[in-house]
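For reference, the structure discussed in these notes is given below.
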Amino acid sequence: MTKPFIESISVNAVSKLPSRAFGYKVRATIGGALNYFLKPYQDQLELSRLNYVLRARSPGNELSSEEVEALAQYQTSTFDLELRKQYFRKSLSDGVLETHTLHGLVIPLIEKVLKSDRSVNSVVDIGCNYAFVDHLLSMKYPDRVFIGVDVPKGIAEINSDLRSENLTVISGYALGLIKAGDLLGDVFYFSSTATAIKTAELRNYLELLSSRAKYVIFNEPLFVSPNGRIVNPDEVSIEESEPISVARGPLNNEYGYLCRAHNYRKMLEVSRFDVVHYEVYKPEFTNIYWIRAIGQNRNKELWK
Ligand SMILES: C[S@@+](CC[C@H](N)C(=O)[O-])C[C@H]1O[C@@H](n2cnc3c(N)ncnc32)[C@H](O)[C@@H]1O
């Protein structure tokens with residue numbers, strides 16, 4: 001049989017696509033341009049609304065046990081342990097750990113204190129996460145004790161490859177442990193942790209530390225706000241820190257921490273710490289501005 005000829009049936013063919021498509025194109029272009037201008041405004045608005053909601057939901061000066069549990073779960077479910085391990089080890093072998101990693105930026109501050117004050121026996125890292133930096137310090141200063149604390153239940157296991165005699169990694173809510181007298185140290189430091197702590201809670205940490213810590217060190221980000229502003233921490237109220245960024249989960253887009261710019265200098269001072277080191281700068285390897293500060297307790301009794 002020869003191949004049959006099928007005549008095409010033209011029901012409602014159009015020779016040209018309707019010009020409406022052009023209208024949509026124009027709208028999409030204008031929309032894109034408007035969005036370009038609106039986005040920073042909307043993001044800034046979202047940030048302040050989020051801050052407002054969080055303050056209403058969590059008005060106290062510490063986290064409730066449910067909040068600690070939620071934080072621990074969030075941390076556990078978003079832990080990028082293998083990436084961290086590779087990142088820190090590569091930075092160390094490239095000789096840039098102290099200059100090109102955010103956690104590493106705290107090392108010179110801790111060493112400054114350890115070298116200038118022989119009475120300092122212990123250093124506590126609040127929110128230690130993967131405590132590579134503490135492990136390195138513990139190897140370099142075998143006669144001092146290093147303690148890392150963080151909320152995930154499995155934090156000791158996460159750090160199990162960083163064993164050294166004078167490093168302990170413990171799971172728990174640092175504020176609760178300090179309050180109960182279960183977490184002692186001469187130096188307490190926050191590295192990218194204070195930014196995630198709400199204003200009243202951070203002041204609570206400092207008040208508690210003022211009766212027992214010789215030094216408090218901050219090594220913290222100052223993210224550029226969605227509206228392009230870099231908040232000067234010295235201009236921020238100590239009653240209400242400024243929300244500067246919200247971390248969203250890379251895969252699920254879920255809300256992570258609300259990050260704040262605190263007035264670190266004033267907060268230290270009102271809790272009776274002298275600010276003996278203070279700098280705000282932009283490390284060359286990142287777009288994030290950075291604050292480093294050391295507070296030394298005014299209470300001379302702590303040195304007796
Ligand atoms: C961005 S990570 C910083 C990890 C590490 N210190 C560094 O410099 O890379 C923030 C850490 O702070 C902890 N954290 C967040 N909120 C906290 C709070 N209210 N009290 C104590 N730790 C908190 C988290 O569990 C998390 O491990």
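See the values below:
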read-out	value
Cα-centre dipole for the stretch 214-304 with unit charges at Cβ (Lys and Arg positive, Asp and Glu negative), debye to 20	340
Spatially proximal lysines relative to residue 25 (Cα-Cα < 24 Å; intrachain offsets below 8 disregarded)	16, 39
Cα lying deepest toward the dipole's positive end in the chain, options 119, 195, 184, charges on Cβ	195
FRET efficiency for residue 270 and residue 50, using Cβ-Cβ distance with R0 set to 25 Å, rounded to 0.05	0.40
Helix 81-93 vs. the chain, principal-axis angle (Cα, 0 to 90°, nearest 10)	60
Charge-dipole axis of the stretch 13-110 as Lys and Arg at +1 and Asp and Glu at -1 on Cβ define it, positive-most pick from 64, 30, 48	30
Normalised per residue, the volume of the convex hull around the Cα set of the chain (Å³)	240
Convex hull volume per residue in cubic angstrom - Cα atoms of the stretch 223-304	140
Label zone at residue 229, where the point sits 7 Å out along the Cα-to-Cβ direction: the stretch 239-276 residues whose backbone N lies under 11 Å	242-244
Range in the chain, longest, excluding exposed chymotrypsin sites (Phe, Trp or Tyr not before Pro) [loop by DSSP; at most 15 other beta-carbon atoms within 10 Å]	6-284
Between 0 and 90°, nearest 10: helix 20-57 axis offset from the chain longest Cα axis	30
GluC sites (Glu not before Pro) restricted to the stretch 212-274 and DSSP loop, no more than 15 other C-beta within 10 Å	239, 240, 254
Dipole in debye (nearest 20) - the chain, about Cα centre, beta carbon charges: Lys, Arg +1; Asp, Glu -1	840
Solvent-free Debye scattering, log10 I(q)/I(0), computed from the Cα coordinates of the stretch 150-304 at q = 0.13, 0.15, 0.16 Å⁻¹	-0.68, -0.89, -1.00
Rounded Å value of the spacing that divides the Cα centres of the stretch 194-229 and the stretch 1-75	35
DSSP bridge orientation in the chain - percent antiparallel, rounded to nearest 5	50
Extension reserve of the residue 30-residue 9 stretch, reckoned as 0.36 nm per residue once the Cα distance is removed	3.6 nm
Degrees separating the helix 199-210 axis from the principal Cα axis of the chain, which is the longest one	20
Rel. contact order, % - alpha carbon contacts under 8 angstrom, at least six apart, the stretch 58-303	17
Selection of GluC sites (Glu not before Pro), the stretch 139-201, meeting DSSP coil and at most 14 other Cβ within 10 Å	165
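Since every read-out is calculated from the coordinates, none of them should be taken as a lab result. Everything numeric in this text was worked out from a predicted model, so none of it was measured. A quick note on method: Cβ atoms are made from the backbone with ideal geometry, for glycine too, and the neighbour counts reach across all protein chains shown.
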